[in-house]
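Colleague: Supplied in C-alpha cells, the structure appears directly below.
The values are calculated or read from the model by the stated rules, or taken from the named source; none is laboratory data. It should be emphasised that the depicted structure is a prediction, and the values quoted were computed from it without experimental measurement. Reconstructed Cβ throughout: ideal geometry from the backbone, glycine too, with neighbour counts over all protein chains shown. Side chains are part of the model used for accessible areas, which takes the heavy atoms of the whole protein and leaves out ligands, DNA and RNA. Shrake-Rupley method; radii C 1.70, N 1.55, O 1.52, S 1.80 Å.
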Amino acid sequence: MTRTSGFSARAAVEVDVVHIDGVLLDEGHEMVFTFHIPDSKEGERLGFGGWFYSSGDIETEVIGSPGRNVLTTNPSPDWNKVGSQWVAEADPTQHVELHLRARSDTTIAVFGLQCGIIEHEYLTTARPELLPNMWNYAPEGNFYVDARTGKVTLEADQNLARISDVAVLHLKSCNRCGRFLPVNVNNERAHLSFSNHCVADHRRPCQHSGFGRIREKDSDRIFDLEYGFQLECRFCKKFEVNAAHNPQRSTAQMKEDAQRRRSFELLMEHLYEGSDQLRYRHQTGGELADDIYARFDGRCFKCETPLSSPADMHLDHTRPLALLWPLDETATSLCGTCNSSKRDRPPIDFYSEDELRDLSDITGIPLDVLKDPSPNLEVLELLRTRATWFFEEFLQLPELQEVRDGKRTSELLLKALDKALQRTPGGAPFTMDDLRRDE
Ligand SMILES: [Zn+2]
Ligand SMILES: [Zn+2]
Ligand SMILES: [Zn+2]
C-alpha cells in the first residue's frame, strides 16, 4: 500500500487520525445498537447510520430499516458502514437495529452512529430522478437537523469489557461541505465516504496532487494511494452539479436552449462556407463520433464511465458552442450526466487542473488555449466583416424567422451573440446593435 515517494513533489492532503476506544465481544455473543428514530411528519426525510470496526469475524444484520440500506462487509479487521435514508410515511418507523454477532472473540469500535430528521438544500432542490437511491448515500449523506436527532442505545447479551484504542480511523475533510469523514486508506476500494479518484487500469496509481497522496496530521506519515480519493464526499459529489451550476431548468428554457444552439450551428455553417482561411471541418456526425469515441477509450472523460458505443456518447464541443466554437475533431467524449452538467461552460470552469492537462493531451488543444475562456475571435471578426450579409440574408432565413413560444429565433441569436461578445477579454469590441447600425 505505502509506496516510496521517489522524487515526486505532489501535494498531500492532510487527514486527521483518530484513535477509538471499543469493547470486547466474545465468540457467540451479540450486541445490538438501536436507533430511536424521532417523531416526524409525513414527507420528512429520516435516516440512521454510522461506521463500525471489528478486529475479528462478525455476522451483521440490520432489522427494521423501512427501505433498502447500506451494510458493507469488508473482511475484518476493517471498518464498515451502515445506514439508510428515506421519506417518512404516515405511520413512521420508530426503531432500527444493528446486530453484531461475534464468530470469534473480537473487538468492536463505532464512529458517528446517529439517527434523526435529515435536511439539506441539495435534497430539496435536486431533480427528482436523483433522489430514489439516497439510501445508498448513507451514512455520509445523512445531514441531521441538530435539534431533531434520536438516541442510539446499546444492549448486549454479555458484559462488555471496555478497551482503549481499539481502532484507528482516518478522517478527511470534504472540499464542499467541510465535514471530516472517514476514508479507508488500508482498503481504498471500500470507500467509507469518498469515492475513488482513479479507477481505470490505465490511470492507476492515481498521480493527481491532492487526490493520490495523503499525510497523517500528527505523524506526518505519507500514504501514496493506488486509487486516490475525490475531494468531495460522495454526497457532495453527487449533487455538485446541482449545487453550483445546474439550477433546475424548465422545459420551456430547455426548448429555448435548443433553439439557440441550432441557430449558432447554422450560423457557423454559413460563416465558414466557402471560406478558405477558416475551414469548418464539418465531418459527418458518424465519422467524428467514431474518432472521438476511440480517442477517449470509449469512456466519459469527466467521470470515466464506460460508454457502450459511440451512440451512447455525448459529443461535447470542448470549447462551448455558446462562445462560437465549432464541433470538430477537438471534441470531448462525455456521458449524458457530465454533458448536461458542463452545459455552456468553458473547460476552465468545469475541469480540474489535472483534467485540463489530460484533456489538452488528448484533444491536442494547447493547455493555455484550453484554459482561455474567450469567445472564438475569428468568428466574431468574420461576423463583423460580413455584417450586411448577416442582417440582410442570414437573419432572414426561414429557420431564423421561426417563432416558438413567442420568441423569434433571430432575436435569441442576437442576444446570445451579444453575450459571447461580452466574454471577449477587455470587453465587447462591438455590440450587435452597433453592427446593425453600421452595416
Ligand atoms: Zn461533502
Ligand atoms: Zn487521480
Ligand atoms: Zn460522465
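Colleague: What are the pairs, 6+ residues apart or on separate chains, where a residue within the range 321-337 that is closer than 13 Å to Leu288 by Cα and more than 15 Å from ligand 3 (Cβ to nearest atom) has its Cβ under 6 Å from a residue that is part of a helix (DSSP H, G or I) and not aromatic (Phe, Trp, Tyr)?
Modeller: Final answer for the pair search is Pro326/Met268; Thr330/Thr363.
Colleague: Given the criteria open to solvent by 40 Å² or more (accessible area, probe 1.4 Å), under 23 Å from Gly64 (Cα atoms) and more than 21 Å from the chain's Cα centre (by Cα), does Val82 qualify?
Modeller: When the stated conditions are applied, Val82 does not pass them.
Colleague: Across the range 137-167, which residue is nearest to Ser40 (Cα to Cα) among those that are of a type in the set (Asp, Glu) and touching a residue at least 40 places away in the same chain (Cβ under 8 Å)? Quick ask: steps written out before the conclusion?
Modeller: Step one: filter the range 137-167 for residues of a type in the set (Asp, Glu), giving 140, 146, 155, 157, 165.
Now restrict to residues that are touching a residue at least 40 places away in the same chain (Cβ under 8 Å): 140, 155, 157, 165.
Working: Glu140: 21, Glu155: 25, Asp157: 31, Asp165: 37 Å.
Going through the qualifying residues, I end up with Glu140.
Colleague: What number of residues within the range 8-56 are of a type in the set (Lys, Arg), closer than 29 Å to Glu89 by Cα and in a loop (DSSP other than H, G, I, E, B)?
Modeller: Within the range 8-56, the first condition is being of a type in the set (Lys, Arg), and the residues that meet it are 10, 41, 45.
Those left that are additionally closer than 29 Å to Glu89 by Cα: 41, 45.
Narrowing further to those that are in a loop (DSSP other than H, G, I, E, B): 41.
Total satisfying the criteria: 1.
Colleague: Can I ask one more? Out of Leu315, Leu327, Leu382, report the one residue that is open to solvent by 10 Å² or more (accessible area, probe 1.4 Å), in a strand (DSSP E or B) and away from ligand 1 (no atom under 16 Å from the Cβ).
Modeller: Leu315
Colleague: Within the set of pairs 6+ apart or on separate chains, which have a first residue in the range 38-64 that is in the same structural domain as Pro132 (by TED's automatic domain parsing), a second that is of a type in the set (Lys, Arg) and open to solvent by less than 10 Å² (accessible area, probe 1.4 Å), and C-beta atoms under 8 Å apart?
Modeller: Gly49/Lys81; Gly50/Lys81; Trp51/Lys81; Phe52/Lys81
Colleague: Would you check which residues across the range 217-229 are without any contact (Cβ under 8 Å) to a residue 60 or more places away in the chain, open to solvent by 30 Å² or more (accessible area, probe 1.4 Å) and within 16 Å of ligand 2 (Cβ to nearest atom) and list them?
Modeller: Tyr227, the sole residue that qualifies.
Colleague: What number of residues within the range 342-372 satisfy the criterion of being surrounded by fewer than 15 Cβ atoms within 10 Å (Cβ to Cβ), more than 22 Å from the chain's Cα centre (by Cα) and either part of a helix (DSSP H, G or I) or not assigned by TED's automatic domain parsing to the domain that holds Ala416 (or both)?
Modeller: Looking only at that region, the number is 4.
Colleague: Can you tell me which of (1) in contact with a Cys (Cβ under 6 Å, 6 or more places away or on another chain); (2) surrounded by fewer than 22 Cβ atoms within 10 Å (Cβ to Cβ) is the one Arg148 doesn't meet?
Modeller: Evaluating Arg148 over (1) in contact with a Cys (Cβ under 6 Å, 6 or more places away or on another chain); (2) surrounded by fewer than 22 Cβ atoms within 10 Å (Cβ to Cβ) leaves (1) as the failure.
Colleague: Out of Val96, Val183, I need the residue that is away from ligand 2 (no atom under 16 Å from the Cβ) and of a type in the set (Val, Ile, Thr). Which one?
Modeller: Unique residue meeting the criteria: Val96.
Colleague: Something else about it: Which numbered condition in (1) touching a residue at least 60 places away in the same chain (Cβ under 8 Å); (2) over 20 Å from Leu192 (Cβ atoms); (3) open to solvent by less than 30 Å² (accessible area, probe 1.4 Å) is the only one that Ala109 fails?
Modeller: (2)
Colleague: With the requirement that a residue be free of Cβ contacts under 8 Å to residues at least 40 places away in the same chain and part of a helix (DSSP H, G or I), what does the range 418-439 give you?
Modeller: Of everything in the range 418-439, those that are free of Cβ contacts under 8 Å to residues at least 40 places away in the same chain and part of a helix (DSSP H, G or I) turn out to be Asp418, Gln422, Met432, Asp433, Asp434, Arg437.
Colleague: While we're looking at this one, here's another question. Considering each of Arg45, Arg101 in turn, give the residue that is of a type in the set (Lys, Arg) and over 17 Å from Phe235 (Cβ atoms).
Modeller: Selected residue: Arg101, the only one of Arg45, Arg101 that is of a type in the set (Lys, Arg) and over 17 Å from Phe235 (Cβ atoms).
Colleague: Can you pull out the residues in the range 151-184 that are within 14 Å of ligand 1 (Cβ to nearest atom), open to solvent by less than 50 Å² (accessible area, probe 1.4 Å) and over 18 Å from Asn69 (Cβ atoms)?
Modeller: Leu171, Lys172, Ser173, Cys174, Cys177, Gly178, Leu181, Val183
Colleague: Can you report the number of residues in the range 196-216 which are open to solvent by less than 40 Å² (accessible area, probe 1.4 Å) and within 16 Å of ligand 3 (Cβ to nearest atom)?
Modeller: Qualifying residue count, the range 196-216: 4.
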